[in-house]
Amino acid sequence: MSTQETIQKLYDQDTFDSEDRKALDSFLDQLDRGEIRAAQKVGDQWQVNAWVKQGILVGFRMGALTDQSIDDNFHFFDKDTFPLKSLQLDSGVRIVPGGSSIRRGAYVASGVTCMPPMYINVGAYLDEGTMVDSHALVGSCAQIGKRVHISAAAQIGGVLEPVGALPVIVEDQVLVGGNCGIYEGTIVRRGAVLAAGVILTRGTPVHDLTQEKVLRAEGEKPLEIPEGAVVIPGSRPITSGYGKSQGLSVYTPIIVKYRDWKTEESVKLEDLLR
């Protein structure tokens with residue numbers, strides 16, 4: 001059977017034996033190497049591989065709670081199927097000392113930099129040259145492109161269940177500002193810039209000042225931040241009832257302009273946020 005067929009078979013089982021554990025280990029090794037992933041781009045569209053998420057869930061069901069403590073001062077207890085990812089010097093990943101963790105089953109490409117403390121969860125895919133800054137989280141199955149900068153305290157949400165749900169996608173050369181949150185049902189297209197504090201969810205309407213329209217998730221379609229969009233936190237007034245009488249407003253992200261990111265080699269990303 002193929003890896004996909006094996007995982008789908010295991011997903012329907014209630015009990016497991018040693019051969020099943022070997023099959024799971026092979027699946028997790030393939031995730032580690034980036035040979036399989038929770039979602040992939042086909043043409044211009046992202047498609048979820050639900051069976052990969054099923055495999056991760058099988059790992060949690062199959063695993064036994066074990067003592068993974070480092071010493072008497074650092075106690076950790078987790079499923080034995082998901083220890084810390086094993087990296088070596090020749091992996092080419094720069095992990096600065098100070099309390100960062102990467103779980104088994106996450107693909108981290110050569111050239112990725114991890115600043116302490118940060119956390120990358122199972123099923124995540126981080127491509128070459130990406131930076132994960134201090135106190136940042138990359139959640140389960142999140143797909144991160146090449147040369148992405150995930151700034152301090154940013155949160156890339158995990159989407160493990162339902163298995164058919166598309167995980168959070170951040171394409172190549174995106175700048176995610178400090179304290180940003182990108183959660184379920186969101187795709188950030190190539191070259192976009194999110195200013196500090198921008199929050200994006202499937203239910204978030206995004207106002208595009210340059211195109212004079214509102215971007216929303218519709219039906220099965222996720223919320224998409226367009227290629228090269230520069231997004232800042234904003235607000236819009238409540239137009240009726242008590243909120244209007246009190247002059248209240250609610251949060252909304254605003255696209256203020258678009259980068260000519262293909263030709264602006266001499267312009268630093270930070271300049272766009274001034």
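Looking at Q30, is it touching a Pro at 6+ places or on another chain (Cβ under 8 Å) and more than 26 Å from L223 (Cα to Cα)? When the stated conditions are applied, Q30 does not pass them. Please go through the range 20-45 and pick out each residue that is in contact with a Gly (Cβ under 6 Å, 6 or more places away or on another chain) and free of Cβ contacts under 8 Å to residues at least 40 places away in the same chain. Result: F27, single match. When the test is whether a residue is under 22 Å from the mean Cα position of the chain (by Cα), outside any strand (DSSP E or B) and either surrounded by fewer than 16 Cβ atoms within 10 Å (Cβ to Cβ) or at pLDDT 95 or above (or both), D260 does not pass it.
With respect to G191, is the statement that it is outside any strand (DSSP E or B), closer than 18 Å to D260 by Cβ and over 15 Å from the mean Cα position of the chain (by Cα) true? Against the criterion (outside any strand (DSSP E or B), closer than 18 Å to D260 by Cβ and over 15 Å from the mean Cα position of the chain (by Cα)), G191 qualifies. Candidates are the residues of the range 194-209 that are β-branched (V, I, T) and touching a Cys at 6+ places or on another chain (Cβ under 8 Å); the one that is surrounded by the fewest Cβ atoms within 10 Å (Cβ to Cβ) is I199.
The values are calculated or read from the model by the stated rules, or taken from the named source; none is laboratory data. Computed from a predicted structure; not experimentally measured. Cβ: placed from backbone, ideal geometry, glycine included. Neighbour counts: every protein chain shown.
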